[in-house]
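Read the figures in this text as sums done on the coordinates, not as results from a lab. Predicted model, so just to flag it, every value in this text is computed and none were measured. Note that we place each Cβ from the backbone using ideal geometry, even for glycine, and neighbour counts take in every protein chain shown.
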Amino acid sequence: MVAISVQDTGIGIKHTEDLFQMFSRLSEGHELCVEGVGLGLYISSELTIKQGGTVCVKSIPGKGSTFTVQLPINCINKK
């Protein structure tokens, strides 16, 4: 597996349970400063899962979030 992590120092996320669901948006009073329709993380998650990988988030409110994607490494045997 190969892991790719992206970290920010933003507002953080209290409730991450539904974050990767279609049309999921922050509902913690930050709606005005967060643009989008809630498809980006859903699409990222679906593409990752379809390739045999996983995606997760660790977040601390007020400190930021870290999103990690793990994907399998496909080895090709040369003859």
Computed curve, region 2-71, Cα-only Debye sum without solvent term, log₁₀ I(q)/I(0) at 0.18 Å⁻¹, is -0.70
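Between I4 and K63, take the C-beta separation as r, use R0 = 35 Å, and let me know the FRET efficiency to the nearest 0.05. Before the final figure, lay out the partial values.
Details: r = 21 Å, r/R0 = 0.59.
Step by step, r from the Cβ atoms, then E = 0.95.
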